[in-house]
Amino acid sequence: MKKIIVLSDIHLGPSGTVKFGLDTAVRFARALDDINKLYGDADLCVFAGDIADEANPAAYQLFEDMRTRLSMPQYVLLGNHDDRQVYLDNCKAPMLDVDGFVQGAHDLGDTRIVMLDSSEPGHVEGILCPKRLSWLSEQLSAAKAKNQQVVLIIHHNPQKLFMPVDRYSLAEPDMLLSVLKESGARIPLIMAGHCHITTAGSWGGFPVVTISGNQHSVAPFLPGMTGQQACYEGPAQFGIIMCEEENCTVHFHSYINRNVELPAAMFPWKKDQWQKVPDFLQ
Ligand SMILES: [Fe+2]
Ligand SMILES: [Fe+2]
């Protein structure tokens, strides 16, 4: 049995930063407390992107300092709020492939964890270039040859959530789907962050899960809804993936579970999202 912790959307600023009334460093410290108290025996911990909120060097330094409290192996992915070069200049022992992307794989017995870099400078949406897709294809082939199942972790969700975030989730998801299907690998789980909401479902036949992260969470806002999408203080949440042979189960641990609704004025772009395109997408 293997245990993998996945945290996403840490959104750290320099120490003491408060945004939307939330101090993400205080929240992240609570996550680390709970991991050490309850899941200290985990085999792996993956940070699935949006590590910093505005890619400040001080935010990455704070992150690197804080995560030393964990003793299990750790990997860091980047998201749309991150800047690859600023991260690389301010981190220790990054996960890097031969082409300079922040991605890699880690074998845990019967399971290969593949962590795919969907971040692209200047883009809010996730991008997978031919180099990244070909790297992924190699990882999947190697897993198949060893009869391993694959858990794929990526920042940007490839599946449609039928929410406004679909406008800036993974671009051209069909390219990823083709690589996954052509590989013939067993892929019992694709996990993403980015959308700040817990969802589960199936995409092209592959099971998909998203986790709410360390910053605010959002309520479902489905086609046809008008008015303001609610944003909440919690849950702040990480996922725990349990793998054994051909089994894979996801648990959700909420380390902050006081789900106070945040003032609508903090999130003006979340009003009438199906009727208006927000400024950051124009
Ligand atoms: Fe995020
Ligand atoms: Fe994101």
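Read the figures in this text as sums done on the coordinates, not as results from a lab. In this text the structure is predicted, and so the values were computed from the model without any measurement. Methodologically, a virtual Cβ is constructed for each residue, glycine included, from the backbone with ideal geometry; neighbour enumeration extends over all protein chains shown.
Checking every one of the GluC sites (Glu not before Pro) in the stretch 223-265 against DSSP loop status and a limit of 11 other Cβ atoms within 10 Å picks out 245, 246. For the stretch 1-61, the share of alpha carbon pairs falling in successive 10 Å distance bins from zero is 22, 48, 25, 5 percent.
What would the Debye equation give as log₁₀ I(q)/I(0) for the stretch 2-281 at q = 0.15 Å⁻¹, counting only Cα atoms as equal point scatterers? Each listed q corresponds, in turn, to -1.14.
Taking the three principal axes of the alpha carbon atoms in the stretch 229-282, the coordinate ranges are 47, 28, 15 Å, sorted in descending order. Taking amide H positions as modeled 1.01 Å from N, with prolines and chain starts lacking one, the residues under 5 Å from residue 256 and 5 or more places away or on another chain are 236.
Using the per-residue mean of other Cβ atoms lying within 10 Å as a proxy for protection, in what order, highest first, do the peptides 178-187, 135-144 fall? List each step's numbers first, then the result.
Values: 178-187: 16.6, 135-144: 19.0.
Ranked by mean Cβ neighbours within 10 Å, highest first: 135-144, 178-187.
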